[in-house]
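A.B. asks: Mind having a look at this structure? Questions to follow.
Just so you know, all these numbers are worked out from the coordinates, no wet-lab data involved. In this text the structure is predicted, and so the values were computed from the model without any measurement. Every residue, glycine among them, receives a Cβ derived from its backbone with ideal geometry; neighbour counts consider all protein chains shown.
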Amino acid sequence: MTDARRFPDLWSLCEGRTGDHPERVVLDFDGGLWTWAELVEAAEGLAGGLYAAGVSAGEVVCHMSPNHPEAVVTMLALLRLGAVECPVNAGLRGQQLAHVLNHSGARVLIVDGSLSDRVAAQMPSAAGLQVVVHRGEGQRPVGASVLNYAEIRESGDRPPPFRRPGPGDPMNIIYTSGTTGPAKGAVLPQAFPLEQARIKIEQWGLTDDDVMFSALPLYHVNARFSTLGTALVVDGRAALVSRFSASTFWDQVRAAGATEVGVVGAVSSILLRRKPGPADRDHNVRMMHGAAGIPMNRRSDFEERFGLRLVTGFAMTETGHFSTTSPDDPMRYRASGRPVPQYEVAVVDVDDHEVTAGTVGELVVRPRVPGVMMTGYYRQPEATEAAFRNSWFHTGDLATIEADGYIRWVDRAADAIRRRGEMISSTEVERAVCGLDAVAECAAVGVPSELGEEEVKLVVTAEPGRTIDPEALKLHCQATLPDFCRPRYLEILDELPKTATHKVNKHQLRHTEGPAVRDLAGSD
């Protein structure tokens, strides 16, 4: 790993690794193994075909695909050309998809056939889209020149001589979820994957013997950089799978020989709820990131059951995946860790003055090294200026810095609930409610109140084979929550709506009408 710093950019690193040991396996995708030579040769071939089709350095190219080995090839091919890849969330459709295609200004889209019907439906509104590179089967869009992915990858065309990018040149535009409006495109520089990998390698003690596993989608930064990018930089192995499956998860981990696993909180919670078995510890995993979905009092149970170290950290697209983490600290999963050397982190009030230890405020971050964060929001200078005001990037997250230096995440500011003059953390309500044995998952959201401000709505699902008694849940809330936190509304669902990264989609829960919604007012 120590020689990684001799490479100024990710493509140069890939070429260097190929020259050093071309037959070393670097990618395991659903059990299919790719060596450095195979991966780089495939990327060179696709880059040549795309170049012949008119794709040039600096051009934004949208790429819409589920997890697939060719998605990795495409990522590297665009890197080889110096094009700016815009990975499109494979869950998008309709107006949200049209927004990304139009706002990105992309002339070229590379799309997997399983998703091309969604693209076809938006072609009339995607005025700038001129070329669609279609991979696999599926409906071919009308209204643009359509090229066959396999044919251009195998065309034999050669890309131009590689032009080494500057560390601040754009590499990716990744559109955020758009929870408070249309999605914004975070521009990530060429240095971003290298600096993010170095953080994880240094903090987690990773080496070229490590196998990093993820079942998360490659169009988000977690799998793309924390898993794949880190494996490339450390010269280890990335083990990726098509999709997450709770029933096969540990079998896939074992088959890959994984030593490190990246998940999101909901995944770890699902794994903990499954029936214990004799094979729970039959793996090589040392560390797993993704404790947030597990109640605090169950996190040590997770470590004991699965025989690994559970690690937390603060992560978002704009700042990278670990601006705070403390994997070796005994308190590693009781908060979000301490700031790593590459960042300065603070908690501030509404006027951007730092607050005292233990006081809730907004978490703000700024880089200590170049290239470790996004450079801004694409084609949105006002949003960029607002996010980076007073020299800090404002995360939109509420947190505290404790006296021992730990960052304790409280809630997304957009998800915090204001009721009767009190600010309520939705996560604190959720932790308390999940303490009831029958509850599998829950989400607390703010809904409009006839008195102004908001009321608390609780949405819950039951553990398999259990039912939730609303009266028992109400008594549990009375015993565990302050008066002002108690839910006004209750909805019991079979499952909570989730995003592609297994996070609860709270926007779909902010309603107070419907046969499954109970109004608990006056029933205390």
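A.B. asks: Would you work out the relative contact order for the stretch 65-138, in percent, from Cα pairs under 8 angstrom that are 6 or more residues apart?
C.D. replies: On the way: 72 pairs, mean separation 23.2, N = 74.
Rounded, it is 31 percent for the stretch 65-138.
A.B. asks: Among the DSSP beta bridges whose two residues both lie in the stretch 136-246, what percent are antiparallel, rounded to the nearest 5?
C.D. replies: Here the share of antiparallel DSSP bridges comes out near 55 percent.
A.B. asks: What list of ³J(HN,Hα) couplings, whole Hz, do you get for the stretch 6-19 from phi and the Karplus terms 6.51, -1.76, 1.60, once you set θ to phi - 60° and write x for glycine and proline?
C.D. replies: Couplings: 6, 9, x, 8, 5, 5, 4, 5, 4, 4, x, 5, 5, x Hz.
A.B. asks: What is the diffusion coefficient of the chain in µm²/s, taking the Kirkwood radius over Cα pairs and the Stokes-Einstein relation at 4 °C with a viscosity of 1.567 mPa s? It would help to have the intermediate numbers written out before the result.
C.D. replies: On the way: Rh = 24.2 Å.
After rounding, the answer is 54 µm²/s.
A.B. asks: Quick one: which residues, 5+ away or cross-chain, put their amide H under 5 Å from the amide H of ALA440? H built at 1.01 Å from N.
C.D. replies: Long-range HN contacts for ALA440: THR461, ALA462, GLU463.
A.B. asks: I would also like to ask the following. Label points 7 Å out from Cα along the Cβ direction at GLU422 and GLU471: separation in nm?
C.D. replies: 2.5
A.B. asks: Based on the Cβ-Cβ distance from ARG368 to MET296, what FRET efficiency comes out when R0 is 35 Å, to the nearest 0.05?
C.D. replies: Working: r = 30 Å, r/R0 = 0.87.
That gives a FRET efficiency of 0.70.
A.B. asks: State, as an integer percentage, the relative contact order of the stretch 428-477 based on alpha-carbon contacts under 8 Å between residues 6 or more apart.
C.D. replies: Details: 60 pairs, mean separation 18.0, N = 50.
Worked out over the stretch 428-477, it gives 36 percent.
A.B. asks: Take ARG305 and ALA52, extend 7 Å from each Cα along the Cα→Cβ direction, and tell me the distance between the two endpoints in nm.
C.D. replies: 5.4
A.B. asks: Continuing with this model, one more query. How do the peptides 354-367, 231-244 rank, highest first, by the average count of neighbouring beta carbon atoms within 10 Å per residue?
C.D. replies: Values: 354-367: 17.0, 231-244: 22.5.
Ranking the peptides 354-367, 231-244 by packing returns 231-244, 354-367.
A.B. asks: Based on the Kirkwood radius over alpha-carbon pairs, what is the Stokes-Einstein translational diffusion coefficient of the stretch 134-214 at 20 °C with 1.002 mPa s viscosity, in µm²/s? Numbers along the way, then the final one.
C.D. replies: Details: Rh = 17.4 Å.
Rounded, D is 123 µm²/s.
A.B. asks: Could you sort 252-262, 292-302, 427-437 so that the peptide with the highest average Cβ count within 10 Å comes first and the rest follow in order? Numbers along the way, then the final one.
C.D. replies: On the way: 252-262: 21.4, 292-302: 17.0, 427-437: 18.6.
Highest mean packing first, the order is 252-262, 427-437, 292-302.
A.B. asks: Further, regarding this structure: Grab the Cα-Cα distance for GLU495 and SER12, subtract it from 0.36 nm times how many residues apart they are, and report the gain in nm with one decimal.
C.D. replies: Details: separation 483, 0.36 × 483 = 173.88 nm, distance 4.54 nm.
Full extension from GLU495 to SER12 adds 169.3 nm.
A.B. asks: List THR324, THR18 from most exposed to least, where exposure is judged by having the fewest other Cβ atoms within 10 Å. Display every interim value, and only then the final one.
C.D. replies: Numbers: THR324 26, THR18 20.
Listing THR324, THR18 from fewest to most nearby Cβ atoms yields THR18, THR324.
A.B. asks: Next question, about the same structure. Take GLU154, GLU455, GLU450 and order them by how many other Cβ atoms sit within 10 Å, fewest up front.
C.D. replies: Working: GLU154 14, GLU455 22, GLU450 5.
Ranking GLU154, GLU455, GLU450 by Cβ neighbours within 10 Å, fewest first, gives GLU450, GLU154, GLU455.
A.B. asks: While we're looking at this one, here's another question. Given H placed 1.01 Å from N in the peptide plane, which residues other than close sequence neighbours of GLY257 have an amide H under 5 Å from its amide H?
C.D. replies: none
A.B. asks: Within the stretch 35-188, what percent of beta bridges assigned by DSSP are antiparallel, to the nearest 5?
C.D. replies: Values: 4 of 23 bridges.
Beta bridges within the stretch 35-188, antiparallel portion: roughly 15 percent.
A.B. asks: A follow-up question, please. Take the Cβ-Cβ distance between SER247 and THR207 as r, set R0 to 22 Å, and report the resulting FRET efficiency rounded to the nearest 0.05. Don't jump to the answer; show the numbers that get you there.
C.D. replies: On the way: r = 31 Å, r/R0 = 1.42.
The computed FRET efficiency comes out at 0.10.
A.B. asks: Another question, then. Pull out the extension gain between ARG510 and ASN284, defined as 0.36 nm times the separation in residues minus the alpha carbon to alpha carbon distance; nm, one decimal. Mind showing how you got there, number by number?
C.D. replies: Values: separation 226, 0.36 × 226 = 81.36 nm, distance 4.18 nm.
Gain on extension, ARG510 to ASN284, equals 77.2 nm.
A.B. asks: Tell me, what is the percent relative contact order of the stretch 35-188, built from C-alpha pairs under 8 Å that lie six or more residues apart? Please report the intermediate quantities before stating the final value.
C.D. replies: On the way: 298 pairs, mean separation 42.4, N = 154.
Normalised by residue count, the contact order of the stretch 35-188 is 28 percent.
A.B. asks: Enumerate the residues in the stretch 419-438 having an amide nitrogen under 14 Å from the point lying 7 Å beyond the Cα of VAL355 toward its Cβ.
C.D. replies: 422-426
A.B. asks: Order these peptides, 123-135, 208-220, 29-41, by their mean beta-carbon neighbour count within 10 angstrom, highest first. Let's see the in-between values first.
C.D. replies: On the way: 123-135: 18.2, 208-220: 22.8, 29-41: 16.5.
The densest-packed peptide leads the list: 208-220, 123-135, 29-41.
A.B. asks: OK, next. How do HIS68, HIS507, HIS289 line up, fewest other C-beta atoms within 10 Å first? Let's see the in-between values first.
C.D. replies: Working: HIS68 19, HIS507 15, HIS289 29.
If I rank by nearby Cβ atoms, fewest first, I get HIS507, HIS68, HIS289.
A.B. asks: Follow-up question, since we're still on this one. Expressed as an acute angle from 0 to 90° and rounded to the nearest 10, what is the orientation of the C-alpha long axis of helix 470-480 relative to the principal long axis of the chain?
C.D. replies: Compared with the principal axis, the helix lies near 90 degrees.
A.B. asks: Out of the DSSP beta bridges found with both residues in the stretch 422-519, what percent are antiparallel (nearest 5)?
C.D. replies: 75
A.B. asks: Here's a follow-up. Which residues does a label at VAL142 reach in the stretch 102-136, if reach means a backbone N under 13 Å from a point 7 Å past the Cα toward the Cβ?
C.D. replies: 120-124
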